[in-house]
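The values are calculated or read from the model by the stated rules, or taken from the named source; none is laboratory data. Here the structure is a predicted model, which is why all the values come from computation and not from measurement. Glycine also receives a Cβ, built like all others from the backbone with ideal geometry; neighbour counts cover every protein chain displayed. Please note that ligands, DNA and RNA were not included when accessible areas were found on the heavy atoms of the full protein model with its side chains. Shrake-Rupley method; radii C 1.70, N 1.55, O 1.52, S 1.80 Å.
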Amino acid sequence: MVEREQWSTYSGFVLATIGSAVGLGNIWRFSYVAGENGGAAFLLLYLVYVITIGLPLVIAELTLGRRAQGDAIAGFEASGPRSSWRYAGALAGVGAILILSYYSVIAGWALKYLIGAAFGPLWDQAAQGYGQYFRTFISRTGEPVIWQILMLGASVAVVAAGVRAGIETVNRWLMPLLALIVVGLAGYSVTMPGSAAGVIFLFAPDWSAIGRAEVHAAALGQAFFSLGIGMAVLLTYGSYMPRGFRLPRSALAIIIGDTGFAIISGLAIFPAVFAFGIDPSSGPELAFITLPQIFLQMPGGAWLGVAFFFLLSAAALTSMVSLLEVPVSMAVQRLGATRRNAVMVIGAITLALGLPSALSFGLLADIRIGRHGILDAADAVVSNYLLPFGGILIALFVGWKLKMGEALSESELGQGWLGLVWLWLLRVLAPLTLTTILLRSATAL
Ligand code: PHE
C-alpha cells in the first residue's frame, strides 16, 4: 500500500482548512441570510452558535481524523472495524458528493460572472438589467452546465495532484490573496458616502429578531454550512495532520479565519448595498443581481467586479476541493483505487448528480419539491438536515462512544476544565440544540 500523505507545513494545513471553510457560504450565502434575518441580531446568534457548538465540533472532527489517520469511515471506528458507527462515515462521503453536486452549479455562476467582468460582456448588460440577465442565464440548458463542468474540472485537477502538491499548494497561494481582496473591497465599501447605514445594519442588533425561532435556525444552519462541519471534511483534512501540529490552536484559527472572512465580506457588501439605497433582504440573488448593478455605478466598478467574482470563484474552488477529498480518500483506502482514477470517477458521478440542479431554473423548472426548485431543495436538505444530523453523530460519537481519557488526550485539551467543558458541550448541548432545530425544520415543512 502507498504511504499516506501528510501536510508539509502547519501554515499550509491551517490555510487549507480555512480554504475549506471559506466559500460561497461566507460571501454569497452569509450576506443574503444575514440580510433576510435582521442583520446584527443574526450575526450575534451566529457567533454564539459558532463558539458553543461550532468550535467543539471542529475540535471533535480534527480529533477523529488525526486519531484514525484514515478516511471518514476509519474516523468512526471505536472498538472495532465492525461497529455500525462506520455508516456515519459512509454517510459523510455520500453527503459530501450531494453538497458538491449543487455547490458546483453556483460556483459555475460565479465563474461566468468573473469571465464576463474581466472581458466586458457583464458590463454590456446595463440596459437589460441584471435581474433579466441572471434569470436568462440560469434558465438556459447548456451554459450553466458548461460553467459547472469547468469548476468541477478545476477541483478534480487539484485533488488529483494530491494532498501536498495539489490541495496544500493551491490554498497556500489563494487564501492570502483572497484575504487581501476581501479587506480591500471592504475598505472601499465603508468609505463610500452613505455607507454608515450598512455598517449599522451589520453591527447594531434589532433585539426583537433574537427571540424568533427561525432566526436561531438560520444562524445555526449558517454556522454549520460556513464552517463546513458535519460531513467529515475537517475529519478528512485532520487525518493528514502530523502529531506535532497543535490541534486546539488549529481549530481556533479555523473559527477565527472563517468568521473574520464572513464579517469582512459583510462589510464589503452591506455598506455598498445601503449606499445605493437597495433592500438588503433581496435573497440569494444579492450577489448576482444587486452587486453587478452597484459595481456598474461605482468609479472603478469593473475592477471591483473582477476582484469580487474572482474572490467568489476561488473561495468556492477551495471548498469544492475539500468536499471532493472526502469520498476520494475513501475510494483510495477502501477500494484500492489510485487517486487519479478515484477523483475522475467521483467527479463524473458528482456532475451527473448535479445536472438536475444546474437545469432547475430552465428545463426542469417545473419540478418542485415543496416550495423549492431542485437546487434550492438540495441546499435546504443539506443545511437543515444533513449537516446538523452529521453534527449530532460526531458529537455523540466523541462524547459518549470514545473513551473519555482517549477523547481528552487525542484532542490535546487534557483533563482540566477546558477538556471537560468541551466534552459536555458535545455530550449534551450540541445534540440537544441540533435535535431541536432538526425537529423544528421537519415540522415546519
Ligand atoms: N464551508 C463552505 C462554504 O462556506 C461549504 C462547505 C460545506 C464546505 C460543507 C465543506 C463542507 O462555502
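The trypsin sites (Lys or Arg not before Pro) of the stretch 13-80 include none that meets both conditions, a loop assignment by DSSP and at most 16 other Cβ atoms within 10 Å of the site Cβ.
Under 5 Å between amide hydrogens, built in the peptide plane, is the criterion, and for GLY230 it picks out nothing among residues at least 5 positions away or on other chains.
Entry comment: accessible area of the chain is 38 Å² per residue, from protein heavy atoms only and a probe of 1.4 Å.
Within the chain, the selection of entire DSSP H helices by a Cα span of 30 Å or greater along the long axis and an average Kyte-Doolittle value of at least -1.0 returns 86-119, 169-190, 247-275, 301-335. Farthest towards the positive end of the charge dipole of the chain, among the residues TRP422, PHE225, LEU122, is the Cα of TRP422, using unit charges on the Cβ of Lys, Arg, Asp and Glu.
Nearest 500 deg cm²/dmol is fine: what mean residue ellipticity at 222 nm does the chain get from its DSSP H runs of n ≥ 4 alone, each adding -39,500 (n - 2.57), divided by its residue count? Rounded to the nearest 500, it is -22000 deg cm²/dmol.
Using mean Cβ contacts within 10 Å as the protection proxy, how do 270-282, 117-129, 292-304 order, highest first? Walk me through the intermediate numbers first.
Numbers: 270-282: 19.3, 117-129: 13.8, 292-304: 16.5.
My ranking of the peptides, most packed first, is 270-282, 292-304, 117-129.
When a/c is below 1.5 the answer is rounded, else prolate if a/b is larger than b/c, else oblate, so apply that to the chain with a ≥ b ≥ c taken from the square roots of the Cα gyration tensor eigenvalues. Because a/c hits 1.5 or more and a/b exceeds b/c, the chain counts as prolate. When +1 charges are put on Lys and Arg Cβ atoms and -1 charges on Asp and Glu Cβ atoms, the dipole computed for the stretch 218-347 relative to its Cα centre reaches about 700 debye.
Counting only protein heavy atoms and a 1.4 Å probe, tell me what percentage of the chain's accessible area is made up of carbon and sulfur.
Details: 11590 of 16840 Å².
Looking at the chain in its full context, I get 69 percent from C and S.
Based on the Cβ-Cβ distance of ALA127 and ILE369, what FRET efficiency does E = 1/(1 + (r/R0)^6) give at R0 = 51 Å, to the nearest 0.05?
Values: r = 36 Å, r/R0 = 0.70.
Efficiency at R0 = 51 Å is approximately 0.90.
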